Amino acid sequence: MADTEIKKGLAGVVVDYTAVSKVNAETNSLLYRGYPVQELAAKCTFEEVAYLLWNGELPTPDQLAEFTARERAGRALDPALKAMIDTLPTDAHPMDVCRTAASVLGARHNLAEDSSPEANMTKAVDLWAAMPAVVAYDQRRRRGEDVVEPRDDLGYSANFLWMTFGEDPVDEVVAAFDVSMILYAEHSFNASTFTARVVTSTLSDLHSAVTAAIGALKGPLHGGANEAVMHTFDEIGIRPEESLEDAAARAKTWMEDALAQKKKVMGFGHRVYKDGDSRVPTMKAALDKMIAHYGRPELLGLYNGLEQAMDAAKAIKPNLDYPAGPTYHLMGFDTPTFTPIFVASRITGWTAHIMEQAAANSLIRPLSAYNGPGQRSV
Ligand code: COA
């Protein structure tokens, strides 16, 4: 196999077809079931987008009413799951809590061993409905606070914020959060989605596939980057009284030093997009609104300073995690909660892929080229 060409990281390898989404790096576009994600973010709610990803079409008003009623009925934190979460240390990473919760919800589901298309759709919606309560309660218990019961008069995003903070959410904040949920929902064969498809290809169950996907998303080269962005901001130093210009100057110096030391700066670069991430302008607009809403121009200074210095030095553009991190920070989420928010959104994309994989399955089992010692005797 000496002349075998190895595609490290499967870079550039087309593994299968998908009708869920299309990432086109050349035109810098992302389509969910044919619709540009920017248009979905401008005109639809996250619930409508979830329905679209699962069913292939946007819902009619009646379909949406039935769908949202199902989601609202599944929002409460199952007491048995809460008890399980309470056994985990409060310094366990929230992604570990999420991953454990997905596994527990799978083992407790009344359709646990049923992987029919109907059962998978039920399990996907149930898991999607249940995850915000897990993420919200986990942040609260770290602060010594108790569960906030869900409200069925609120949409998905408003209720997520309500369960996290126990305060009536502000419309503008809800809108920015909803946009982030739409943008995070789906992105073709990224590492965690591919993980979910590999697990599904063995005819394992939906919750096992999602649990594995959460493990893949945790890493800083993937979803964990939104947290890592905030660690960068913290390292530079967030000074709420500082001017935009001063913050930008400090951020620029930090980036120049980091690049001189050949550091990888999280929140920049992408395996597929080499000339900017199609989702960034929409998320950046949401961040701008939050910066204005909370009156924190110095955060924009840090954001601009890093972006401009990276562009000048290496022409590497920000990815979605770059504007998402400071947006969640402004909303009051603790930094380790950022990637679990991503989980809550991406459950939609993962499970759409799981159902697609199951419908036209082939075991995913690539080959390797051996480069260890030649055959020898003991
Ligand atoms: N900071 C500094 N340099 C970076 C960089 C970053 N965030 N991303 C890429 N580069 C540089 C690499 O150092 C490399 O330079 P070299 O050719 O001089 O060695 C070059 O750009 C190619 O990077 P590489 O890591 O090989 O590309 P990839 O396609 O494998 O990587 C990522 C894609 C996402 C893994 C990579 O850009 C990265 O690690 N980004 C930070 C993590 C992140 O934000 N992840 C979220 C993705 S949505």
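The values are calculated or read from the model by the stated rules, or taken from the named source; none is laboratory data. For clarity, every value in this text was computed on a predicted model and none was experimentally measured. Ideal geometry is used to build each Cβ from the backbone, glycine not excepted, and the neighbour counts take in all protein chains shown. Please note that ligands, DNA and RNA were not included when accessible areas were found on the heavy atoms of the full protein model with its side chains. Shrake-Rupley method; radii C 1.70, N 1.55, O 1.52, S 1.80 Å.
Observations on the model:
- Only one entry in L300, L320, L306 is more than 15 Å from the ligand (Cβ to nearest atom) and modelled with pLDDT of 95 or more, namely L300.
- Filtered residue count, segment 216-225, keeping only those that are within 14 Å of H93 (Cβ to Cβ) and near the ligand (Cβ under 10 Å from one of its atoms): 4
- Test: residue in segment 274-286 that is in contact with a strand residue (DSSP E or B) (Cβ under 6 Å, 6 or more places away or on another chain), away from the ligand (no atom under 11 Å from the Cβ) and either open to solvent by less than 40 Å² (accessible area, probe 1.4 Å) or of a type in the set (A, V, I, L, M) (or both): yes
- Selection within segment 188-198 - more than 16 Å from the ligand (Cβ to nearest atom) and open to solvent by 30 Å² or more (accessible area, probe 1.4 Å): V198
- Restricting segment 1-15 to residues that are open to solvent by less than 70 Å² (accessible area, probe 1.4 Å) and away from the ligand (no atom under 16 Å from the Cβ), the residue that is nearest to R33 (Cα to Cα): V15
- Any hit, segment 360-378, residues being open to solvent by 10 Å² or more (accessible area, probe 1.4 Å), of a type in the set (D, E, K, R) and either over 27 Å from D234 (Cα atoms) or in contact with a His (Cβ under 8 Å, 6 or more places away or on another chain) (or both): yes
- Scanning segment 123-171 for residues that are in contact (Cβ under 8 Å) with a residue 24 or more places away in the chain, under 16 Å from Y328 (Cα atoms) and of a type in the set (A, V, I, L, M, F, W, C) yields V135, A136, F160, L161, M163, F165, V170.
- Residue within segment 117-140 that is at pLDDT 95 or above, open to solvent by 20 Å² or more (accessible area, probe 1.4 Å) and closer than 24 Å to G325 by Cα present: yes
- Of the listed requirements (1) in contact (Cβ under 8 Å) with a residue 12 or more places away in the chain; (2) open to solvent by less than 50 Å² (accessible area, probe 1.4 Å), E113 misses just one: (2).
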